[in-house]
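The values are calculated or read from the model by the stated rules, or taken from the named source; none is laboratory data. Everything numeric in this text was worked out from a predicted model, so none of it was measured. Every residue, glycine among them, receives a Cβ derived from its backbone with ideal geometry; neighbour counts consider all protein chains shown.
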Amino acid sequence: MPMIKTAADLQRWQQELLAEGSPTEARGIAVCCGTACMASGAQAVVEAFAEELGNRGLDTELRFTKTGCHGLCERGPLVLIHPEGTFYQRVKPEDAARIVEETIVHGRLLEDLLSKDSATGERVVRQEDVPFYRKQKRLVLGRNGHIDPESIGDYVVLGGYQALAKALFEMTSEEVIQTVIDSGLRGRGGGGFPTGRKWQSCREAPGDPHYVICNADEGDPGAFMDRSILEGNPHSVLEGMAIGAYAIGSRQGYIYVRAEYPLAVRRLEKGIAQAREVGLLGEDILGSGFSFDIEIVRGGGAFVCGESTALMASVEGRAGEPRSKYVHTVESGLWDKPTDLNNVETWANVPLIIERGADWFAGIGTENSKGTKVFSVVGKVKNTGLVEVPMGITLRELVYDVCGGILGDRPFKAVQTGGPSGGCIPEELLDLPVDYDSLTEAGSMMGSGGVVVMDDRTCMVEVARYFTEFLVDESCGKCVPCREGLQHMLRVLTDITQGRGEASDLELLEDLAEVVTEASLCALGGTAANPVMSTLKYFREEYEAHIRDKRCPAGVCRELTTFVIDTDACTGCHACFRVCPTEAIQGERKQPHAIDQDKCIRCGACREACRFEAVVVAD
């Protein structure tokens, strides 16, 4: 790799790389090697392709790339054939030879590996035509599927670090900040604070040095947005941080990343080393006189360290506990110096805004929520994965049009946005726009972008209990309202799910929620009551059924559930008999079955196994 000493050197290097072929245009094969696809066997697929291409002598003719996450995690391992954009799903090692022979050599499609449009039943060839991708607007994730995340050259050839050069040589730091303000970019980590205003406050704060931090301490259950960005395109984050550092007058940055993200950490480490090697991090970047470097700090997995002051305490080597907010971190943050902290997705948006302009970014999304948002969608939905959509898309479009609807075509019940501190939104609000203000008004929040979809077999009381238990475990315990209030809420919720609930418990939960929300020291406690309050607001009848009738309508809470078999619906297929761990199912094949209640442990395995909806919850 060359040493890049000037902006002209960067331009020349890009042109040299383009002469060798652009990743978006070169003929080749790209295998998704994000964490989800790797867990599904992508490494074996990579090895099979490498062997096949080597045996055929095609390894020098084709570009073979191990990329970051393509998004459709449910269907991995995923393979893209460039430049046509042919999209193959659920690829196995034995498919590699077929793909090379049929698609690469002869130009023929493999129908069994193509995605199917559920609406038309037709096979879909190109990735952009797959229903999962049609309504997406992949900006932050746009280079995933094309570039090798461990190659700085792949990033540079597609225009990487040109935004940094533009900022350094064509804009003052004030102009960079104003551009970000005009773009309307808000923090993607949960709070939604205007990014440019935060930068401006930090730049104007007295004291030296100034620091920038990337918050990659992603701790929400089911969330993997930041991890996938770091795994798929680490240089977009490094470039964004460098631009932000120039804007606020910083020479040093830190990336606080979960140690449980080994692949993201490895690719970050390699990206930083490469950027230093070519001169895009370090002293006198591009001959501009601006110097900046980045270090990685690995977090121990404490959820509370996603909070800014707790994170900074952890970087300093102290216990990750939050502090009072009367002193802002932009004025007194890391080591009591002015500090700007943004999350992974926020930093990754910055190069795009500087490159394409504030008006371009502000033209996407809604009036108060600009741009796109990356979500991880999990739960009872057909296509789980990583999506990037314009702000303002409705929940219905996200769940049904992008992610294919509810698993098994069961009835939709609720969607939780914003992670464990987010609220649960019911079916009647499915047409709610996904933006900061609308979600907050509905009793939820944007959060960092985790979305959990629930069907009719989800108990909303148990959902509230589960997330409250998670937050009890993750509370640092520094302040009394959060430490004691959440534990008391958990005890009440546990009593309700186990049949010991009383009518007065609902009022007690509301009182506790108010105290925890208003009096807690940090945002963990300040938002912890959202799951409880939103489920009480929209699903109060379920709480009442648990307390008054001692019954769990969803059949989830064991102490309040009795399963019976509808003899009119039962075909005697014996599926429930085979899965019952206690031999509680009675009956002969092709004859209606029954459940021995003395043996039944209410695990629900019989209901999950029954294809005829014959196992039901007794009234």
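For (1) under 27 Å from D598 (Cβ atoms); (2) of a type in the set (F, W, Y); (3) touching a strand residue (DSSP E or B) at 6+ places or on another chain (Cβ under 9 Å); (4) at pLDDT 95 or above, each residue gets a yes or a no:
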position	(1), (2), (3), (4)
G477	no, no, no, no
R500	yes, no, no, yes
L508	no, no, no, yes
A519	no, no, no, no
L524	no, no, no, no
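Picking from K92, K116, K166, K135, which residue would you name as being in contact (Cβ under 8 Å) with a residue 60 or more places away in the chain and farther than 30 Å from G244 by Cα?
Details: K92 fails: in contact (Cβ under 8 Å) with a residue 60 or more places away in the chain; K116 fails: in contact (Cβ under 8 Å) with a residue 60 or more places away in the chain; K166 fails: farther than 30 Å from G244 by Cα.
Going through K92, K116, K166, K135 in turn, the sole match is K135.
Touching a strand residue (DSSP E or B) at 6+ places or on another chain (Cβ under 8 Å), more than 30 Å from I425 (Cβ to Cβ), among the polar types (S, T, N, Q) and modelled with pLDDT under 95 - does that describe any residue in the stretch 586-594? Walk me through it before giving the result.
Of all residues in the stretch 586-594, those touching a strand residue (DSSP E or B) at 6+ places or on another chain (Cβ under 8 Å) come to 586-587, 592-594.
Subsequent filtering for residues that are more than 30 Å from I425 (Cβ to Cβ) retains 586-587, 592-594.
Going one step further and asking which of them are among the polar types (S, T, N, Q), we end up with 586.
Remaining after also requiring modelled with pLDDT under 95: 586.
Yes; the residues of the stretch 586-594 include at least one that is touching a strand residue (DSSP E or B) at 6+ places or on another chain (Cβ under 8 Å), more than 30 Å from I425 (Cβ to Cβ), among the polar types (S, T, N, Q) and modelled with pLDDT under 95.
Tell me, which residue of the stretch 244-266 that is part of a strand (DSSP E or B) and basic (K, R) is modelled with the lowest pLDDT?
The first filter runs over the stretch 244-266 and keeps only residues part of a strand (DSSP E or B), leaving 250-258.
Filter once more, so that each one left must be basic (K, R): 251, 258.
Working: R251: 97, R258: 89.
Top of the filtered list is R258.
M241: buried (at least 24 other Cβ atoms within 10 Å of the Cβ) and farther than 30 Å from I4 by Cα, yes or no? Steps first, answer last, please.
On the way: buried (at least 24 other Cβ atoms within 10 Å of the Cβ): yes; farther than 30 Å from I4 by Cα: no.
Taking the combined requirement at face value, the residue does not satisfy it.
Looking at A223, is it out of contact with any Ser or Thr (no Cβ under 8 Å at 6 or more places or on another chain) and either in contact (Cβ under 8 Å) with a residue 60 or more places away in the chain or at positive phi (or both)? Steps first, answer last, please.
Working: out of contact with any Ser or Thr (no Cβ under 8 Å at 6 or more places or on another chain): no; either in contact (Cβ under 8 Å) with a residue 60 or more places away in the chain or at positive phi (or both): yes.
Against the criterion (out of contact with any Ser or Thr (no Cβ under 8 Å at 6 or more places or on another chain) and either in contact (Cβ under 8 Å) with a residue 60 or more places away in the chain or at positive phi (or both)), A223 does not qualify.
Please list, ordered by residue number, the helices (runs of 4 or more DSSP H) wholly in the stretch 1-63 having 3 or more residues that are more than 29 Å from P93 (Cβ to Cβ).
Values: elements: 7-20, 35-39, 42-56.
Those helices (runs of 4 or more DSSP H) span 7-20.
Does the stretch 361-373 hold any residues that are in contact (Cβ under 8 Å) with a residue 40 or more places away in the chain and out of contact with any Ser or Thr (no Cβ under 8 Å at 6 or more places or on another chain), and which are they? Talk me through it step by step, then tell me what you get.
Applying the first criterion (in contact (Cβ under 8 Å) with a residue 40 or more places away in the chain) to the stretch 361-373 yields 361-362, 364-366, 368-373.
Scanning the stretch 361-373 gives T366, N368, S369, T372, K373.
Just name the residue that is farthest from the chain's Cα centre (by Cα) out of those in the stretch 317-362 that are crowded, with 16+ Cβ neighbours inside 10 Å and basic (K, R).
In this case the residue turns out to be K337.
Anything in the stretch 103-128 that is loosely packed, with under 15 Cβ neighbours inside 10 Å and either under 29 Å from the mean Cα position of the chain (by Cα) or charged (D, E, K, R) (or both)? List them, or say none.
If we filter the stretch 103-128 for residues that are loosely packed, with under 15 Cβ neighbours inside 10 Å, which is where we start, we get 105-108, 111-112, 116-123, 128.
The answer is R108, E111, D112, K116, D117, S118, A119, E122, R123, E128.
Give the residue, chosen from S308, S314, that is surrounded by 14 or more Cβ atoms within 10 Å (Cβ to Cβ), under 21 Å from the mean Cα position of the chain (by Cα) and touching a residue at least 40 places away in the same chain (Cβ under 8 Å).
Every option except S308 fails the conditions.
If you go through the stretch 565-579, how many residues are under 16 Å from V616 (Cβ atoms) and in contact with a helix residue (DSSP H, G or I) (Cβ under 7 Å, 6 or more places away or on another chain)?
2
Within the stretch 422-471, restricting attention to residues that are outside the structural domain of G392 (by TED's automatic domain parsing) and free of Cβ contacts under 8 Å to residues at least 40 places away in the same chain, which residue is farthest from G405 (Cα to Cα)?
Ranking the candidates gives E469 first.
Taking L263 as the residue in question, decide whether it is touching a residue at least 60 places away in the same chain (Cβ under 8 Å), out of contact with any strand residue (DSSP E or B) (no Cβ under 6 Å at 6 or more places or on another chain) and over 23 Å from G189 (Cβ atoms).
Numbers: touching a residue at least 60 places away in the same chain (Cβ under 8 Å): yes; out of contact with any strand residue (DSSP E or B) (no Cβ under 6 Å at 6 or more places or on another chain): yes; over 23 Å from G189 (Cβ atoms): no.
Criteria not met by L263.
I need every pair where a residue in the stretch 34-49 that is free of Cβ contacts under 8 Å to residues at least 60 places away in the same chain and farther than 13 Å from R75 by Cβ has its Cβ under 8 Å from the Cβ of a residue that is outside any helix (DSSP H, G or I) and of a type in the set (D, E), sequence separation at least 6 or different chains.
Sorted first by the residue in the stretch 34-49, then by its partner, the pairs are A48/E94.
How many of the residues making up the stretch 199-230 are among the charged types (D, E, K, R) and either surrounded by 24 or more Cβ atoms within 10 Å (Cβ to Cβ) or closer than 15 Å to G189 by Cα (or both)? Please lay out each step first, then the result.
Quick first cut of the stretch 199-230, residues among the charged types (D, E, K, R) only: 203-204, 208, 217-218, 220, 226-227.
If we keep only those that are either surrounded by 24 or more Cβ atoms within 10 Å (Cβ to Cβ) or closer than 15 Å to G189 by Cα (or both) too, we end up with 217-218, 220, 226-227.
Looking only at that region, the number is 5.
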